[in-house]
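K.L.:
Sending over a structure as structure tokens; questions will come in a sec.
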Amino acid sequence: MKIRRTPPWGNIPSSEITPEQTYLSRRKFMREALFLAGGALALAACATSGGGGIAQAGQAGPTPEPDTLNTFEQITNFNNYYEFTTDKEGVASEAANFPTSPWQVSVEGMVSKPGVFDIDQIRKQFPAEERIYRLRCVEGWSMVIPWQGFPLAALLRAVEPTSDAKYVKFTTIYDPADMPGQNSPFFPWPYVEGLRLDEAMNDLTILATGLYGKDLLPQNGAPLRLVVPWKYGFKSIKAIVKVELVADQPTSLWMASAPNEYGFYANVNPEVPHPRWSQSSERRIGESGRRPTLKFNGYGDQVAALYAGMDLKANY
Ligand code: MTE
């Protein structure tokens, strides 16, 4: 796979990341001017206060907390993918034979140039770059993942959204024969997610096709999944077959299932607890203890302006 070098949109030097050794040597990672996507400075400047107080970027904090890449094994063996099973450690084996080729993605709705894209065409037309992002699950665990992907904005520009388009709706494949979880009546399948158009166009928002330099495995959402690093992980929908530009705010699977617990925005926010648990800290997979959760998952410099004037408690 051809991988473009990551542009310096982030602000933490790679020397503050401790990547997996094998990956490091293979990719000569340390010699690259790779930057962890923004807000990592906030993380580096963040005190490990037990009370969950979070320093903002630019504020001094006594204890830098370096981000460490999670291992390939961790990232591919601890997953949320309800189409297969609710057992995080069982997703990899349940999804192992899920057919991800051939695969087509329809991009439609309020666009001037709708189209059905073959996944191979997507890979060619939109070259992958490397993005190292924190992933914070709403359940209170997190990882650091080196994705390969391309800005969603590139795909959207190619289809030319009309001026009526205000939101982007994403839909996972509906394939109950191959996805046993879709036979469960507890969820309104297929999995659906959505973003406001300006969130979708933000440079941090990517469609991922790989991680650790390899094509995505089924458990991580192969062949194409969304990654929105400042939002809880459930927004990062897997196995996408439809991207639709729409006028009205889409209702996600989680909003339909538990509207009091899961809203449309789902921005990572230590100040807004889930109705059943605090969001002030998280367990980084592979670490003992907990670390403070960062507002917007540490990407506030890039995305806080999207929510200027909004009540983030009401818009959870
Ligand atoms: N996408 C689909 N289609 N189905 C899912 O169950 N789970 C979400 C998200 N995308 C999910 C999904 C949740 S809750 C999380 S935390 C992330 O995927 C986990 O991604 P990972 O397994 O690659 O770490």
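K.L.:
Which entries of K124/K238; K169/K313; K113/K295; K166/K238; K214/K235 have Cα-Cα distances beyond 30 Å here?
P.N.:
Numbers: K124/K238 20 Å; K169/K313 23 Å; K113/K295 37 Å; K166/K238 22 Å; K214/K235 23 Å.
K113/K295, as the Cα separations exceed 30 Å there.
K.L.:
Are there any chymotrypsin sites (Phe, Trp or Tyr not before Pro) in segment 177-252 that are in a DSSP loop and have at most 10 other Cβ atoms within 10 Å? List them by number.
P.N.:
Details: sites: F186, Y191, Y212, W230, Y232, F234; in loops: F186, Y191, Y212, W230, Y232.
Within segment 177-252, the qualifying chymotrypsin sites (Phe, Trp or Tyr not before Pro) (loop, at most 10 other Cβ atoms within 10 Å) are F186.
K.L.:
Quick one: check the C-alpha center-to-center distance for segment 195-252 versus segment 146-160, whole angstrom.
P.N.:
Going from one Cα centre to the other spans 10 Å.
K.L.:
Another one. What's the extension gain from S112 to A308 if we count 0.36 nm per residue and subtract their Cα-Cα distance?
P.N.:
My answer for the length gained is 67.6 nm.
K.L.:
Quick one: net charge around V228, please, counting Lys, Arg +1 and Asp, Glu -1 for every other residue with C-beta under 12 Å from its C-beta.
P.N.:
That sum, taken over residues with Cβ under 12 Å, equals +4.
K.L.:
Under a 1.4 Å probe, what is the accessible area of segment 130-240 per residue, stated in Å²? Can you show the working numbers first?
P.N.:
Details: 2930 Å² over 111 residues.
Computed with neighbouring chains in place, this is 26 Å² per residue.
K.L.:
Using a 1.4 Å probe and ignoring any ligands, DNA or RNA, find the accessible area of W141 and quote it in Å² to the nearest 10.
P.N.:
20
K.L.:
Provide the net charge surrounding S106, with neighbours chosen by a C-beta distance below 10 Å and charges set as Lys +1, Arg +1, Asp -1, Glu -1.
P.N.:
Details: positive: K242; negative: E108, E244.
Counting the neighbours of S106, the net charge comes to -1.
The values are calculated or read from the model by the stated rules, or taken from the named source; none is laboratory data. In this text, all values refer to a predicted model and were calculated from it rather than measured experimentally. We place every Cβ from the backbone using ideal geometry, glycine too, and count neighbours over all the protein chains shown. SASA here: full protein model, heavy atoms, side chains in, ligands and nucleic acids out. Shrake-Rupley method; radii C 1.70, N 1.55, O 1.52, S 1.80 Å.
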